[in-house]
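Engineer: Mind having a look at this structure? Questions to follow.
The values are calculated or read from the model by the stated rules, or taken from the named source; none is laboratory data. None of the values given here were measured: they were computed from a predicted structure. When we count neighbours, we look across all protein chains shown, and the Cβ atoms used for this are built from the backbone with ideal geometry, even at glycine. Please note that ligands, DNA and RNA were not included when accessible areas were found on the heavy atoms of the full protein model with its side chains. Shrake-Rupley method; radii C 1.70, N 1.55, O 1.52, S 1.80 Å.
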Amino acid sequence: MSCAQNPSGRYLEVDSSRIYYELAGNPQGKALLILHGGLGSSREMACLQAHVAEDYQLISMDFRGHGRSTLGQQPLSYARYQQDAEALLNHLGVEQYSVLGFSDGGIVAYRLAASHPGRVARLIAIGAQWRLLPDDPSIEILKGLTANFWRQRFAGDVTWYQSANPEPDFDLLVDRVKEVWLDSAESGYPNKLVEQVRCPVLQIRGDKDFLFSLHEACALAERLQHSDLCNVPFASHAVHQEAPDIVGPVVKRFLLT
């Protein structure tokens, strides 16, 4: 494991991958780890940073294979993302922190909080599933997703990835990430592990989220010791990008309460 720096951020080498990360906000503030969604990058979380930058030191990272991070030789999984995040936090000497995660990032946040309940102070999960039941309607959606669909739907993001990633291979990344989404093993969703989460949790979802239902959010809340739910009307999966004027202040209030 070693650390290198480029003009726009830093790299940490972890198990054959170069993990890109950035530090921002208040260097004297408490640590807030920010985790993006699948096939995205830390850029998609920038719309929330201004709301918390005054009070928190912001630690943003790109999951391996995503954004500016290289894919490496290790199989992708939520457990692998968790291990990379832990390696970064340990490298930075961060003992206690809060986590803000969107979608896949929120799933990893639950895994982190369940594995190290004494280290995670607060957790915000946006549009993040905690289990994948055999009859979950999102399964067929995820199985049918293709690289070409993503290129058409998020053309600007894919173009940026192609130019920013040191070793771009979007078709391969989509195949690997789909395996993560459909993983029903212990390396995947936290499932009952969420019952080990001890910190306060804020769930945020768009009322029209087609991947994470209100029913599943309520089922999760019953298993958490300290849980709040913010259900934003008119918004879909990426609610923080669709309604940052609502989500940003809610995140700040939760973190500072």
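Engineer: Efficiency by 1/(1 + (r/R0)^6): what FRET value for His226 and Asn90, r their Cβ-Cβ distance, R0 = 25 Å, to the nearest 0.05?
Structural biologist: That pair, His226 with Asn90, gives E of 0.45.
Engineer: Where a Cα-Cα gap under 20 Å defines reach, which lysines qualify for Lys178, not counting those fewer than 8 residues away within the same chain?
Structural biologist: Lys143
Engineer: Skip the ligands, DNA and RNA, and give the accessible area per residue of segment 91-161 with a 1.4 Å probe, whole Å².
Structural biologist: I get 42 Å² per residue for this part.
Engineer: In nm², what is the average projected area of the convex hull enclosing the Cα atoms of segment 37-168?
Structural biologist: 9.2
Engineer: Whats the longest run of the chain with zero chymotrypsin sites (Phe, Trp or Tyr not before Pro) that are DSSP loop and have at most 13 other Cβ atoms within 10 Å?
Structural biologist: Here the longest run is 1-209.
Engineer: Additional query: Heavy atoms only, probe 1.4 Å: what % of the accessible area of the chain goes to carbon and sulfur, would you let me know?
Structural biologist: Exposed carbon and sulfur together represent 49 percent of the surface.
Engineer: Now for a separate question. So with the 1.4 Å probe, I'd like the accessible area per residue for segment 21-60, rounded to whole Å².
Structural biologist: Averaged over the residues of segment 21-60, the accessible area is 38 Å².
Engineer: Between exposed GluC sites (Glu not before Pro) in the chain, where DSSP calls loop and at most 15 other Cβ atoms lie within 10 Å, what's the longest gap?
Structural biologist: 96-185
Engineer: Once you have a ≥ b ≥ c as the square roots of the Cα gyration tensor eigenvalues for the chain, tell me rounded if a/c is under 1.5, and otherwise prolate or oblate according to whether a/b is larger than b/c.
Structural biologist: Here the chain falls in the rounded category.
Engineer: Which whole-Hz couplings ³J(HN,Hα) result when phi for each residue of segment 46-53 is put into the Karplus expression 6.51 cos²θ - 1.76 cosθ + 1.60, θ = phi - 60°, listed in order with x for Gly and Pro?
Structural biologist: 4, 5, 9, 5, 4, 6, 10, 5
Engineer: Which percentage, to the nearest 5, of the DSSP beta bridges contained in the chain is antiparallel?
Structural biologist: That works out to approximately 35 percent antiparallel.
Engineer: Can I ask one more? Mind jotting down the distance between the C-alpha centroids of segment 105-126 and segment 175-231, whole Å?
Structural biologist: Using only Cα atoms, the two centres lie 11 Å from each other.
Engineer: Select from Asp207, Asp171, Asp183 the residue whose mean-square fluctuation is largest in a Gaussian network model of the chain (Cα-Cα springs shorter than 10 Å).
Structural biologist: Highest fluctuation of the listed residues: Asp171.
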